[in-house]
Amino acid sequence: MMDRNRDWRRFQPRLRREALGELALAVAVVLFGALVLYETTQIRVTPAYSKVGPRVIPYIVGTGLVLVGLWLTIQALVGKSAAPSTESEDVDVTLPTDWVTVGGIAVALVVYLLLIERAGFVVASAVLYVGAAFAMGSRRLVRDIPVGVALAVVVYLVFTRGLDLRLPAGVFEGLD
Amino acid sequence: MGALGDLAGGFGTALSPENLFWALVGVLLGTAVGVLPGIGPALTVALLLPVTYSLEPVSAFIMFAGIYYGGMYGGSTTSILLNTPGESASIVTAIEGNLMAKRGRGAAALATAAIGSFVAGTIGTLGLTFLAPVMVEVALKFGAAEYFALVVLAFTTITALLGSSLSRGLLSLFAGLAVGLVGIDTLSGQSRFTFGIPQLLDGIDVVTVAVGLFAVGETFWVASRLRHGAEEVVPVRGSVWMTREEWRRSWKPWLRGTAVGFPIGSLPAGGAEIPTFLSYSMEKQLTKHPEEFGKGAIEGVAGPEAANNASAAGVLVPLLTLGLPTSATAAIMLAAFQRYGLDPGPLLFDQDPDLVWGLIASLYIGNVMLLVLNLPLAGVWVRLLAIPRPLLYAGILVFAGLGTYSLNNSTVDLVVLYILGGVGFLMRRFDIPVAPAVVGVILGPVAEDHFRRALQISQGDYTVFVTRPLSLAILLCVALALLAPLALRTMRRRRERVGRRVAAS
């Protein structure tokens, strides 16, 4: 009996945070639905299409989102929340969110966005590869940099030469 | 005779050296991504959609089909040796398969899974060969109202039967539908939800959605809670071949699994999870060795694996004959058809028999290739699991960027990709299934098209969906699909309550 009480006390703060998260999700969904409904009123309708025009389905989708949001609100308020998060092979769901790693990957992605048209696909991809691996805890740059560069070059050649895709050459412009 | 003649023509197409090459590429890629965590066949096909710009349709679809079948084979290898299934369809295999591996019969588990997959895949493809022309005849009777009802049925089953809760499934579906609305409305030419951004006029590409939700979302999710210390891979020991006893215990579950999997897969309700669970409980009932269940019974691997692959073949029936995808991978294959300007459905069988039958013939070939690749080489594939996770996910991001940027050579797509990646992360955090959103994005515009066309024909009379008998029948199935899980859940809860009362007394 004692054990159970102690467990419960330790469990409660997490539970309350979870319920708050659920509530935030539910409210966000209602707002999203409201945005869809508002934007639907902004769609221009020509009289010829008044019956089943471009607004009908958006109204249904917006209403659906609001209703689902309200449903989730009720579920959150009565404390009925589903399993906390999705299982996955490489994920330990009991861990708290590691924002440093997530932030590191976000930075690598933004750098990629900035580089791809300026420095080209190969440079941007290699930087993204090494940066993301570093963010996720890999510290062996001697291995990661050659792997990243090789991957970027091979992918570039296979897709531009083999499959006729156009990718920005960037700093290697005119090297063909 | 018709189907056989068509199939012979299909083999003519599929056996060309070029198409054999793409089939091999497909099954190799498919097995690899099936084994690897973090990526599945749906994502792989989405990432490869840009090849549709330069590849012949038939070659592209032969490769995609190889990825689709290969993913199933690879997934079973992971679940047997690692006990963490890569796909929801392999959950059941992991139960008995991993226990078998721990008992030293891992090789036999892999063999029964691979041979069972081959048997089921081949019988399933035979089923597809003969069922597809029949379905085409039926489909020719469908009008816009029926097609709309069918899409609603697909939405319902994908939403209601997967994931942990109906409300979350619906949230995912409606969010996907909303994303699908972005862009120019094809019927009226009005722009919708573009927020004045010209690049959004063409809509948000399916590739961006799938890659954002699957690849970037999964990478963020893994990064946020990376499991430290790798999972233990059970080494493959013992005789590589199944003993006579194991053969004897396997062949009936293979056939039973096929018998369960193919019909369920080919219903426009689909999904590979349900048949695998059904097959597992069936084998548990029928086995002569009930004491082995829970300790590594071979029937518990053979049956569900066969069911899994047979239903994968079944899923292609509604995809090819009705243009109706019932899984995330099938939905992305539909997107590939749309990219080529092809419209899967009864007309495709008339207009492009080379493509359809070449694809079907390639499935037979792919199955043989997969058997050869997986039976002796399972140990090689497992080495893929040794790739350090930071390198694996960094590679996934590189391919995500490639697939998305190359769509339009536009950084706007990358911004959308990152936003959707964040959404994918939150969806995993809140346990919201991703598949309904992807299906919603792809099928939403299709549904709207049929909906409005049906109403134009009926001159705005909304009762058209319930006054046409076929459409009404399909909508009744929708109601059934919504109510059946609820009823099952209530029954289970009541049984649990009774059970607890018994235990308490």
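The values are calculated or read from the model by the stated rules, or taken from the named source; none is laboratory data. Note that this is a predicted model, so its numbers are computed, not measured. A quick note on method: Cβ atoms are made from the backbone with ideal geometry, for glycine too, and the neighbour counts reach across all protein chains shown.
Here are a few things to note about the model shown:
- Identity of the residue in region A:79-91, under 10 Å from B:VAL222 (Cβ atoms) and in a loop (DSSP other than H, G, I, E, B), that ends up modelled with the highest pLDDT: A:ASP90
- Of everything listed in (1) touching a Leu at 6+ places or on another chain (Cβ under 9 Å); (2) more than 24 Å from B:MET333 (Cα to Cα); (3) more than 8 Å from chain A (Cβ to nearest Cβ), the single unmet condition for B:ASP413 is (2).
- For the condition at pLDDT 90 or above, within 17 Å of B:THR31 (Cβ to Cβ) and crowded, with 21+ Cβ neighbours inside 10 Å, B:LEU370 qualifies.
- Residue within region A:63-80 that is closer than 27 Å to B:ARG225 by Cα and touching a Lys or Arg at 6+ places or on another chain (Cβ under 9 Å) present: yes
- Residue within region B:301-322 that is surrounded by 24 or more Cβ atoms within 10 Å (Cβ to Cβ), of a type in the set (Val, Ile, Thr) and not in a helix (DSSP H, G or I) present: no
- Residues in region B:373-396 that are within 8 Å of chain A (Cβ to nearest Cβ), of a type in the set (A, V, I, L, M, F, W, C) and buried (at least 24 other Cβ atoms within 10 Å of the Cβ): B:ALA394 alone.
- Whichever residue in region B:419-431 is facing chain A (nearest Cβ under 9 Å) and surrounded by fewer than 20 Cβ atoms within 10 Å (Cβ to Cβ) and, among such residues, is modelled with the lowest pLDDT: B:ASP431
- Residue in region B:344-355 that is in a loop (DSSP other than H, G, I, E, B), at negative phi and either among the aliphatic types (A, V, I, L, M) or surrounded by fewer than 20 Cβ atoms within 10 Å (Cβ to Cβ) (or both) present: yes
- Test: residue in region B:28-46 that is over 30 Å from B:PRO235 (Cα atoms) and in contact (Cβ under 8 Å) with a residue 40 or more places away in the chain: yes
- Scanning region A:130-147 for residues that are more than 14 Å from B:ALA223 (Cα to Cα) and of a type outside the set (Val, Ile, Thr) yields a total of 6.
- Meets criteria (modelled with pLDDT of 85 or more and of a type outside the set (D, E, K, R)) for B:ALA307: yes
- Checked against (1) at pLDDT below 85; (2) exposed (fewer than 13 other Cβ atoms within 10 Å of the Cβ); (3) hydrophobic (A, V, I, L, M, F, W, C), A:ALA24 meets all criteria but (1).
- Taking the listed residues B:ARG244, B:ARG256, B:ARG192, the one that is more than 9 Å from chain A (Cβ to nearest Cβ), farther than 28 Å from B:ALA386 by Cβ and at pLDDT below 90 is B:ARG244, with no other qualifying.
- Residues satisfying the stated conditions in region B:195-222, i.e. within 20 Å of B:ASN409 (Cα to Cα), of a type in the set (Val, Ile, Thr) and not in a loop (DSSP other than H, G, I, E, B): B:VAL206, B:VAL207, B:THR208, B:VAL209, B:VAL211, B:VAL216
- Within region A:140-176, the set of residues being more than 7 Å from chain B (Cβ to nearest Cβ) and not in a helix (DSSP H, G or I) comprises A:ARG140, A:PRO168, A:ALA169, A:GLU173, A:GLY174, A:LEU175, A:ASP176.
- If you go through region A:94-132 and keep only what is touching a Phe, Trp or Tyr at 6+ places or on another chain (Cβ under 8 Å), at the interface with chain B (Cβ under 7 Å from one of its Cβ atoms) and assigned to a helix (DSSP H, G or I), you end up with A:VAL102, A:ILE105, A:LEU109, A:LEU113, A:SER125, A:LEU128, A:ALA132.
- Test: residue in region B:66-82 that is among the aliphatic types (A, V, I, L, M) and surrounded by fewer than 20 Cβ atoms within 10 Å (Cβ to Cβ): no
- Note on region B:411-439: residues that are of a type in the set (Phe, Trp, Tyr) and closer than 15 Å to B:LEU171 by Cβ total 1.
- Subset of region B:432-488 (residues that are surrounded by fewer than 23 Cβ atoms within 10 Å (Cβ to Cβ) and polar (S, T, N, Q)): B:GLN456, B:SER458, B:GLN459, B:THR463, B:THR467
- Given (1) farther than 30 Å from A:ASP98 by Cα; (2) modelled with pLDDT under 90; (3) assigned to a helix (DSSP H, G or I), number of the condition B:LYS141 does not satisfy: (3)
- Sole exception among (1) touching a residue at least 60 places away in the same chain (Cβ under 8 Å); (2) touching a Leu at 6+ places or on another chain (Cβ under 8 Å); (3) closer than 30 Å to A:ARG118 by Cβ for B:ILE396, by number: (2)
- The C-beta contact set for region B:8-19 (first residue under 12 Å from B:ILE62 (Cβ atoms), second residue modelled with pLDDT under 90, distance under 7 angstrom, 6+ apart or interchain) comprises B:THR13/B:ASP354; B:ASN19/B:THR13.
- Test: residue in region B:114-125 that is surrounded by 24 or more Cβ atoms within 10 Å (Cβ to Cβ), farther than 20 Å from B:VAL33 by Cα and aliphatic (A, V, I, L, M): yes
- When the helices (runs of 4 or more DSSP H) confined to region B:1-104 are screened for residues that are within 14 Å of another protein chain (Cβ to nearest Cβ), those reaching at least 1 such residues are found at B:17-35, B:41-48, B:57-82, B:91-100.
- Scanning region B:397-410 for residues that are more than 8 Å from chain A (Cβ to nearest Cβ) and surrounded by fewer than 24 Cβ atoms within 10 Å (Cβ to Cβ) gives B:LEU407, B:ASN408, B:SER410.
- All positions within region B:174-194 that are without any contact (Cβ under 8 Å) to a residue 24 or more places away in the chain, in a loop (DSSP other than H, G, I, E, B) and more than 19 Å from B:SER410 (Cα to Cα): B:ASP185, B:SER188, B:GLY189, B:GLN190, B:PHE193
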